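Peer 1: Got a structure for you, questions after.
What follows draws every value from the coordinates through simple rules; no lab data is involved. Quantities reported herein were computed from a predicted structural model and do not represent experimental measurements. Note: ideal-geometry Cβ built from the backbone for every residue, glycine included; neighbour counts use all protein chains shown.
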């Protein structure tokens, strides 16, 4: 009896092993059923399909915003919740928001820098020094520019584009040093008529550059090297009703062009502050009515502040001024909103962007002209 039980025990141990061997190594020429051999996988419930994210709609008006700290340096890393929009002092809804910087989220296309040498309004004694300091700026970092840069020169013959946007600062510096700017034919000794002539010519050339650059995609920094055109204010300057209408039309045109073309204007200049250096600050509020329009509302420094740019100088270090301007390409934000319904053409709206952190200031367009 003991031998019987032993044999049964051995068979019980061997049968599972034999079954495993038959499943793992079928005999040659023996067909197997993969479905039968495969282990049965328990049925899984289907994964829930995620709901599509709500589509972000861009508003009709887009703003480029530089947030600066107390030292004037651009600040990165802010979020939508840090910003508030005021339109005519009423809260507005920000519809879209993007943050850009020089490392993680670079703008595409990159920010373009446009250098303008104004030989029409520069004192002749400063033209050479201005060119030298611009060349020194272009040769920083071994001539490797952080942003694609182009050069324009304005003189009595008009405005000339010297190159396509390039990152080669050495080639651009060589081009700057070779400029033959010559003497202008309309000097400061020409009095009021000479000032009017330089004002008209400068505004035309500024508008031509803005028209050309606004057709390109992306953000641009238009840096104007020179004191700017004359501010035609004083007892000897009178403007007719027709003249005020023309000035107002040009104000609206440039305001729209600079904002829609993503162009921020920067004014840099050599020299020392003098009489009238800060007169422009009295004209920074937007013009709401034709009868309030004044030629000084078209001053270079007024356009700079209203476009979200800066006014730097005058001092003796133009290169440092240019460095500060280009820093604004390293970090900025783009947001959009819809304007309210307009009751009439060219209805002016004040704009303000507030940042909910202490010590920070937002630089952007200070207003816009709304249309029905």
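Peer 1: When the convex hull of the C-alpha atoms of the range 196-259 is computed, what volume per residue in Å³ does it have?
Peer 2: For the range 196-259, the hull spanned by Cα atoms encloses 95 Å³ per residue.
Peer 1: Place a point 7 Å from Cα of residue 360 in the direction of its Cβ. Which residues in the range 304-342 have their backbone N less than 12 Å from it?
Peer 2: The answer is 332-333, whose backbone nitrogens lie closer than 12 Å to the label point.
Peer 1: Continuing with the same structure: Return the distance in nm (one decimal) between the two label points of a simple spin-label model at residue 352 and residue 161, each offset 7 Å from Cα along Cα→Cβ.
Peer 2: Roughly 3.9 nm, to one decimal.
Peer 1: Right, something else. On a full-extension model of 0.36 nm per residue, what is the gain between residue 320 and residue 277, subtracting their alpha-carbon distance, rounded to one decimal in nm?
Peer 2: Roughly 13.5 nm would be gained on extension.
Peer 1: Give the calculated FRET efficiency between residue 212 and residue 192 to the nearest 0.05, with a Förster radius of 35 Å applied to their Cβ-Cβ distance.
Peer 2: Efficiency computed from Cβ-Cβ geometry: 0.70.
Peer 1: Right, next: Just the number: Rg to Rh for the range 107-329, Cα atoms, Kirkwood Rh, two decimals.
Peer 2: 0.95
Peer 1: Got a sec? How would 255, 267, 76, 96 order by Cβ neighbour count within 10 Å, fewest to most? Intermediate results must be reported in sequence, preceding the final value.
Peer 2: Numbers: 255 22, 267 28, 76 17, 96 14.
The most exposed by this proxy come first: 96, 76, 255, 267.
Peer 1: Hey, rough spin-label estimate for residue 86 and residue 245, points 7 angstrom out along Cα→Cβ, what's it come to in nanometres?
Peer 2: The answer from the label model is 3.6 nm.
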